[in-house]
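Asker: Please find one structure pasted underneath; my questions will follow.
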Amino acid sequence: MYYANHVYNPFFYEGTKTYIYETFEQLGRIPEHIFIPLGNGTLFIGVMKGLEELLASGSIDHFPQVVIVQSERCQPFIKAMEKGGHDISPEPVERTQAEGIAIGLPMRGAEILDYIYRHKVKAATIPEDKILAAREALSRRGIYAEHTTAAVYAGYLHYCEEHGRTRDALISMCGAGLKSDH
């Protein structure tokens, strides 16, 4: 028998690490800021594992600033970070266009919080009323993105409003628009 759920499957994270390895391979470096959508943490854990391996191998000389992005309507990690908590409190999930990351009780919450604190990860909130505008802005650049992916861009823009323009940033664009056409 084989347990196929990707959230607990350790082999799955070996696959999501390729996101950061391919970035390194194509750019010859890692951008200074990496914005990652965070729901159950499958991409986040893979990216963090990959960055740790790149650092340990000497391929990069410092850890980039990772920024998690969560919907203002479902943000269990941001709330835990604000309290300095090491466990996730279950959170009711309000309706959001960023449904792909609307996870009220992530299954690997303690592990993800460990990465967050160990690597001084920052957080950005996605304003719900900015998601469609972000999706439209991406489409004008030729990126047909689904709502959760557009939400990551909205979170990046919101982060820049709060902290100033963030240069040299990698923003995850992993969902095609056909997944949630509007």
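The values are calculated or read from the model by the stated rules, or taken from the named source; none is laboratory data. The structure displayed is predicted, hence computed values, not measured ones. Note that we place each Cβ from the backbone using ideal geometry, even for glycine, and neighbour counts take in every protein chain shown.
Asker: Tell me, please, whether a residue that is touching a helix residue (DSSP H, G or I) at 6+ places or on another chain (Cβ under 9 Å), under 17 Å from H119 (Cα atoms) and surrounded by 17 or more Cβ atoms within 10 Å (Cβ to Cβ) can be found in the stretch 6-21. Steps first, please.
Answerer: Filtering the stretch 6-21 for residues touching a helix residue (DSSP H, G or I) at 6+ places or on another chain (Cβ under 9 Å) gives 6-7, 12-21.
Those still in the list that are under 17 Å from H119 (Cα atoms) too: 17, 20.
Then drop every residue that is not surrounded by 17 or more Cβ atoms within 10 Å (Cβ to Cβ), which leaves 17, 20.
Yes - at least one qualifying residue is present in the stretch 6-21.
Asker: Here are the criteria: (1) farther than 24 Å from Q97 by Cα; (2) crowded, with 17+ Cβ neighbours inside 10 Å. Tell me which single one R29 does not satisfy.
Answerer: Unmet condition: (2).
Asker: So, of the residues in the stretch 55-82 that are more than 21 Å from P127 (Cα to Cα) and not hydrophobic (A, V, I, L, M, F, W, C), which turns out to be surrounded by the most Cβ atoms within 10 Å (Cβ to Cβ)?
Answerer: P64
Asker: Every residue in the stretch 1-29 that is touching a residue at least 60 places away in the same chain (Cβ under 8 Å) and closer than 24 Å to L157 by Cα, please. Walk me through it before giving the result.
Answerer: From the stretch 1-29, those touching a residue at least 60 places away in the same chain (Cβ under 8 Å) are 7-8, 19, 23; that's our starting set.
Answer for the stretch 1-29, where residues must be touching a residue at least 60 places away in the same chain (Cβ under 8 Å) and closer than 24 Å to L157 by Cα: Y19, T23.
Asker: Something else: Are any of the residues in the stretch 66-89 within 24 Å of D168 (Cα to Cα), out of contact with any helix residue (DSSP H, G or I) (no Cβ under 9 Å at 6 or more places or on another chain) and in a helix (DSSP H, G or I)?
Answerer: Within the stretch 66-89, the first condition is being within 24 Å of D168 (Cα to Cα), and the residues that meet it are 66-71, 78.
So of that shortlist, the ones also out of contact with any helix residue (DSSP H, G or I) (no Cβ under 9 Å at 6 or more places or on another chain) come out as 78.
Next cut, in a helix (DSSP H, G or I) only: 78.
Yes: the stretch 66-89 contains one or more residues that are within 24 Å of D168 (Cα to Cα), out of contact with any helix residue (DSSP H, G or I) (no Cβ under 9 Å at 6 or more places or on another chain) and in a helix (DSSP H, G or I).
Asker: Which condition number in (1) in a loop (DSSP other than H, G, I, E, B); (2) over 26 Å from L55 (Cβ atoms); (3) modelled with pLDDT under 90 is the one that C174 fails?
Answerer: Checking C174 against (1) in a loop (DSSP other than H, G, I, E, B); (2) over 26 Å from L55 (Cβ atoms); (3) modelled with pLDDT under 90, the one that fails is (2).
Asker: Here is a follow-up. Within the stretch 109-120, how many residues are part of a loop (DSSP other than H, G, I, E, B) and surrounded by 18 or more Cβ atoms within 10 Å (Cβ to Cβ)?
Answerer: We begin by selecting, within the stretch 109-120, every residue part of a loop (DSSP other than H, G, I, E, B); these are 119-120.
Now narrow it down to the ones that are surrounded by 18 or more Cβ atoms within 10 Å (Cβ to Cβ): none.
Within the stretch 109-120, residues that are part of a loop (DSSP other than H, G, I, E, B) and surrounded by 18 or more Cβ atoms within 10 Å (Cβ to Cβ) number 0.
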